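Beneath this line is the structure, given in structure tokens, with notes to follow.
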Amino acid sequence: MIRKVKGTRDILPPETRLWNEVERTALDVLGGFGYSEIRLPLLESTELFVRTVGEGTDIVSKEMYTFADRKGRSLTLRPEGTASVARAFIENGLGQRPQPLRLSYFGPMFRYERMQRGRYRQFSQIGIEILGAATPAADVEVIMALHTFLAELGFDDLVIVLNNLGDPEDRDRFIEGLKEELMPHKDELCGDCQRRWNENPLRILDCKVPRCRELVAETTPVAEVVSDEAKAHVDEVERALAELEIPVRRAPRLVRGLDYYLRTVFEVISPELGEDTVICGGGRYDRLISDLGGKPVPGVGFAIGEDRLIEVLPELTRERVLAERLVTVLPVGGKTMGRAARLARDLVLAGAKVHTEVTGRSLKACLKWSGKMAASVAVIVGEQELAEGVAVVRDLSRGEQETVKLDTVVAAVIELLEKTD
Ligand code: HAM
């Protein structure tokens, strides 16, 4: 028995319908705000993530699926999408197109993480990036698109938290101060944080070890050491969001686990999954494209964890999407199969969802099967009826049935389906 790889999932029907619905809504809403899909490879050069997400981050230092290909090149299954978007922007000369460029992406990402609820090794993200706009208006648009999308899916209890990381120069100053404040307790930090101390001290703020958290909680938050320009930028974002009546909460210690961010960073928290299993993360990254060798092009965006989003999808939305108004088409005996298939096709073209009986069951077994499938309506196509130019349309929820002319079967079924809505 071969089993799936740890941390991967089989997503089965009808659960997949929730995924289809979430992705359709994302295409509609995010597309409505002007974001067009870009499809990017799952495999990238390892160096791409080392140079963008950052060497000292958990993602790069512990979580990447990295391997040498047959020619010995180091490749990585992408752990996130923003770095690939930046690479593709440079490689395809997307700076030549009218700016700003609005892009969306969907699909699997890979991180070797410890498994728990909402944390997988293969998971899917839905993300957008706006490239070529440095103003707070772009941050506001991205957060507004996120909020609109979540509201469209029926969410009303998610919390958006926001912080100001300042510019890289501010961050250097912040890190100096952080080290100074932590110095007297340096020995109490965990082994990982000892390593972070030299390699990437900002990442001490990501540590989940309780003692490290306690020590960090005593230090000055990053938002307090940012420049006036950076402060004005994020304050303006916050003001506009208030005007849009999009509630956001300041989280002065939020730093996000990736190195490319500056100024605005944000996350979406669900009360159900808690603060360590966030639904969405995003922020501004004005130096990312130039750090990869492109011209300086500012950017801001977010990525939603689709697995987590679906795990906490509001019950009403779940019920609406999963409610199936199924029709079974049941050829019974003799030469009924061809006519039944034609009826099935006409029903599908009229918008119904059809399962046709194709295993040669008896009528009794057909009706039992329709019940198990939770069908709303069954169309029974018997030999005798066909000879008379009719079929039986059975309302399975009420247990009533009528005999109708073959050319009115579709209309009769659709009417019944509408009644059960
Ligand atoms: P991130 O916070 O690393 O940001 O990931 C975004 C979201 O992906 C998380 O909030 C979470 O919902 C989901 N996620 C991450 N790891 C896992 C996992 N192991 N299992 C399930 N879901 C997971 C980024 O990836 C940035 N590229 C976001 C961004 C876009 N920033 C600017 N533009």
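Below are the figures for this structure:
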{"read-out": "Counted residues, region 366-413 - those being among the charged types (D, E, K, R) and in a strand (DSSP E or B)", "value": "5"}
{"read-out": "Residues satisfying the stated conditions in region 210-234, i.e. under 18 Å from D170 (Cα atoms) and outside any helix (DSSP H, G or I)", "value": "T219, T220, P221, V226, S227"}
{"read-out": "Residue tally, condition within 13 Å of the ligand (Cβ to nearest atom), of a type outside the set (V, I, T) and over 19 Å from Y105 (Cα atoms), over region 288-312", "value": "1"}
{"read-out": "Qualifying positions in region 353-366 - in contact (Cβ under 8 Å) with a residue 24 or more places away in the chain and farther than 19 Å from R339 by Cβ", "value": "K353"}
{"read-out": "One residue from D170, D139 being among the acidic types (D, E), touching an Asp or Glu at 6+ places or on another chain (Cβ under 9 Å) and closer than 19 Å to D228 by Cα", "value": "D139"}
{"read-out": "Which numbered condition E245 misses (of (1) within 16 Å of the ligand (Cβ to nearest atom); (2) without any contact (Cβ under 8 Å) to a residue 60 or more places away in the chain)", "value": "(1)"}
{"read-out": "Any hit, region 33-49, residues being in a helix (DSSP H, G or I) and free of Cβ contacts under 8 Å to residues at least 12 places away in the same chain", "value": "no"}
{"read-out": "Single residue of region 248-287 satisfying the filter (in a strand (DSSP E or B), aliphatic (A, V, I, L, M) and under 30 Å from G93 (Cα atoms)) that is nearest to the ligand (Cβ to nearest atom)", "value": "V265"}
{"read-out": "Selection from region 58-101 of residues that are of a type in the set (S, T, N, Q) and within 13 Å of the ligand (Cβ to nearest atom)", "value": "T82, S84"}
{"read-out": "Selected residue [in contact (Cβ under 8 Å) with a residue 12 or more places away in the chain, more than 16 Å from the ligand (Cβ to nearest atom), under 22 Å from G127 (Cα atoms) and of a type in the set (D, E)] from E181, E224, E238, E229", "value": "E238"}
{"read-out": "Condition met for T66 (surrounded by fewer than 17 Cβ atoms within 10 Å (Cβ to Cβ), of a type outside the set (D, E) and within 22 Å of G166 (Cβ to Cβ))", "value": "no"}
{"read-out": "Hits in region 376-405 - residues which are under 15 Å from M337 (Cβ atoms) and crowded, with 17+ Cβ neighbours inside 10 Å", "value": "V379, I380, V381, G382, E385, L386, A391"}
{"read-out": "Filtered residues of region 50-84 (kept if β-branched (V, I, T) and either in contact with a Lys or Arg (Cβ under 8 Å, 6 or more places away or on another chain) or free of Cβ contacts under 8 Å to residues at least 60 places away in the same chain (or both))", "value": "V50, T57, I59, V60, T66, T76"}
{"read-out": "In region 313-345, the residues that are in a loop (DSSP other than H, G, I, E, B), at pLDDT 95 or above and either within 16 Å of the ligand (Cβ to nearest atom) or in contact with a helix residue (DSSP H, G or I) (Cβ under 7 Å, 6 or more places away or on another chain) (or both)", "value": "L313, T336"}
{"read-out": "Residue among R320, R342, R394 that is closer than 30 Å to G154 by Cβ and of a type in the set (K, R)", "value": "R320"}
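Here is a yes/no grid of residues against (1) in a loop (DSSP other than H, G, I, E, B); (2) away from the ligand (no atom under 14 Å from the Cβ); (3) among the acidic types (D, E):
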site: L103; (1), (2), (3): no, no, no
site: Y112; (1), (2), (3): yes, no, no
site: G127; (1), (2), (3): no, no, no
site: A137; (1), (2), (3): no, yes, no
site: V140; (1), (2), (3): no, yes, no
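This table checks each residue for (1) surrounded by 18 or more Cβ atoms within 10 Å (Cβ to Cβ); (2) part of a loop (DSSP other than H, G, I, E, B); (3) in contact with a Phe, Trp or Tyr (Cβ under 7 Å, 6 or more places away or on another chain).
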position	(1), (2), (3)
A145	yes, no, yes
D156	no, yes, no
N163	yes, no, no
E176	no, no, no
E181	no, no, no
Q194	no, no, no
K208	no, yes, no
I246	no, yes, no
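The values are calculated or read from the model by the stated rules, or taken from the named source; none is laboratory data. Please read these numbers as outputs of a predicted model, since none were measured by experiment. In this analysis, Cβ positions are derived from the backbone assuming ideal geometry, glycine residues included, and neighbour counts consider all displayed protein chains.
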